[in-house]
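Here the structure comes first, spelled out in C-alpha cells, and everything after it is commentary.
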Amino acid sequence: MPKLLHALVIDDEPQIRSLVAEVLRSEGWEVAETASANEAYSSGEERDFGIVFCDVVLGQQNGYDVLRRFSELQPGAKFVLMTGHGSAMGALDATAIGAFDYLIKPFDLDEIVKLSNQVLEQIDRGGRVKFDVPSDPTYVSDVPLVGRSPRFVECLKLVGRVAPSNLAVLVSGESGTGKEIIANVIHRRSDRAGGPFVVVNCGAIPSELIESELFGHMKGSFTGATADRVGLWQEAHGGTIFLDEITETGLNFQVKLLRAIQQGEIRKVGGNQTINADVRVVAATNRAMEKLVEEGKFRQDLMYRLNAVTITLPPLRERLDDIPLLVAHFARKAALENCEPARFSPETLHTLQRYNWPGNVRELENAVLRGISLSDGTVYPEHLPPQVRLAVGTLTKAEPEVSSKSDPPKPLAVAEYEHVVRVLEYTGGNKNAAARLLQIDRKTLSRIIERGNANNSDLEDRSAV
C-alpha cells in the first residue's frame, strides 16, 4: 500500500477518535488509532503516515508536542490539530510551526474528507519548526489576536503559512480590523524576527517628503537638509517594513518603491550611490487596490509586486460571535493589578452583538473601556456609548410592539415627538447630533418638537445647543 494511504488518529476521546478514523477509512485510508502521545510516538517509529489527526489536549502532553516530535520522525506527514478550545491565534501558530491544518470542534465531517483529498493530491513537503510553542494545554499566544469565528480562523491560518516565507504580503481590510497587528505577527513568526520591524504610515507623510523619509537624503539635497539622513528602509535592513496606507502614495514615488522592492537597493535623495537593503515588505490598505489601478491612481506592476499573498481581514460585523471573547480580553487588559476584570451583563453583550461596528475592533475596545470607566464593576447597556445604544434601540423600535388592544394607537405626531425626546436624551440635548442620527435636517427636527409640544419649555431648554 502506498505510504500516503496510512493515517493516524490521536485522541483520548474514543468516540471522536473512532469517528474520524471511520471517515478516513471510507476514503481509502488504512487507519491506526492511539489515545496518547507516547502510543503515537511508537506508531510513528514503526510506520510512515501520510496524514495525522491529533487532539490538542492529551494528558500531560499536548498536540503541539506531538507535532514537534512528528516533524522530526516524519517530516513528510501532514499534521492536523483538533481542539475543542481553539482560537484563531491557535490556528496561526499551529500552521506557522508546520501543521497542515487546524480544526475547531465540533467540525463538519466534510472537513476530514476535504483534507484527505488535499493530502492525496500533494507531493510530500518537509515540515519546518519555526519557533517553540509552550506545552501548556491551555495554550495562550503572545499576540493579542482574539477570536474563533470560521472566517477569522481561516484568515490566521493563511497568516501562519505565509509568515515563515520571504514573500511580500498585502493586508487589506477596513480601518480598525488590526492590519498592523497582523503585519507584526508575520514579522515575529518569520526568520527575520530578530531584526527590526519598521512601521511607515504612508498616508501621514506629505508626498514631497515620503521619498526622503523612506530612502533617506544627502546633506544639501533640498532646503532644510542640513545633514545626511538614513531612511526608514535602510533602518529595516534584515527585518520587515510595514507600509500602511500604501494606496495613498503618488505615482512618482511608486516607481521608486517598485525598484527598491525588485532590486533590493535604494538611492538616497540627492545621492548617486545605491545602497543594498535586505527588507521584507508587508503593505496594507483599506481601499480597493484593483479599482485604483483601473482609475490610474496606482501602478499595476507595483500592485502585483506587493500582493504575492493577499490577506483580507473580515470586519467585526462579520464575526459577531467573537465579541464576547474580545470583550473579555479587553476587560482583562483594563483590569488593575490584583483586581478582578469588570463583568458585562448578558443584556450588554447582547447589545454589543447587535451593533454594526463601523470602526471594527478598535471601536469595540473604546466602547468596552468607556463602559468599564462609567460602571461600578458590572457594565450595563446604559454605560455603552450613545451611538451603540441608539442604533440598537432604533432597531428595537422597528420591531412590532406588543400592546393591549384596549390602548388606542398613538397619533404619528406624538410617536415622532416621543422618539425625538429619546434621541435627544442619547445626545445630551444636542440637536445637531440628534438630527444626524435621525437622518433628518435640523429644521425638520424643530418642527417635530413644536408639533409634539409647542409649550414644552423644559425640552427647549434641554435641547438648546
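The values are calculated or read from the model by the stated rules, or taken from the named source; none is laboratory data. These figures come from a predicted structure and were not determined experimentally. Don't worry about glycine lacking a Cβ; one is built from the backbone with ideal geometry, like all the others, and counts go over all protein chains shown. These accessible areas exclude ligands, DNA and RNA; they are computed on the full protein's heavy atoms, side chains included. Shrake-Rupley method; radii C 1.70, N 1.55, O 1.52, S 1.80 Å.
Taken as Cα centroids, region 87-103 and region 295-327 sit 20 Å apart, rounded to the nearest whole angstrom. Annotation: average projected area of region 246-290 is 3.8 square nanometres, based on the convex hull of Cα atoms across all directions.
Sorting 220-233, 89-102, 32-45 by their mean Cβ neighbour count within 10 Å, with the most densely packed peptide first, gives 89-102, 32-45, 220-233. Looking at the chain, the accessible area is 50 square angstrom per residue; that uses a 1.4 Å probe and ignores ligands, DNA and RNA. In region 237-356, Rg over Rh equals 1.18, where Rg is the alpha-carbon radius of gyration and Rh the Kirkwood radius from pairwise Cα distances.
With coordinates expressed along the principal axes, the C-alpha atoms belonging to region 9-48 extend over 25, 22, 6 Å, beginning with the largest. Here the scattering of the chain is modelled by Debye summation over its C-alpha atoms, one equal scatterer each and no solvent; at q = 0.07, 0.10, 0.12, 0.13 Å⁻¹ the log10 of I(q)/I(0) is -0.54, -0.94, -1.12, -1.19.
The alpha carbon centroids of region 17-50 and region 184-202 are separated by 38 Å. Counted over all Cα-Cα pairs of region 308-376, pairs farther apart than 20 Å make up 30 percent. Within region 171-212, the proportion of C-alpha pairs whose separation exceeds 16 Å stands at 51%. For region 304-338, the residues whose backbone nitrogen is under 20 Å from a point 7 Å from the Cα of residue 353, taken along Cα to Cβ, are 314-332.
Looking at the chain, send over the antiparallel percent of its DSSP beta bridges, to the nearest 5. Antiparallel: roughly 15 percent of the beta bridges in the chain. Per-atom-type breakdown for the chain gives carbon and sulfur 49% of the accessible area (1.4 Å probe, protein chains only).
Computed over the alpha carbons of region 226-300, Rg followed by Dmax gives 13.5, 41 Å.
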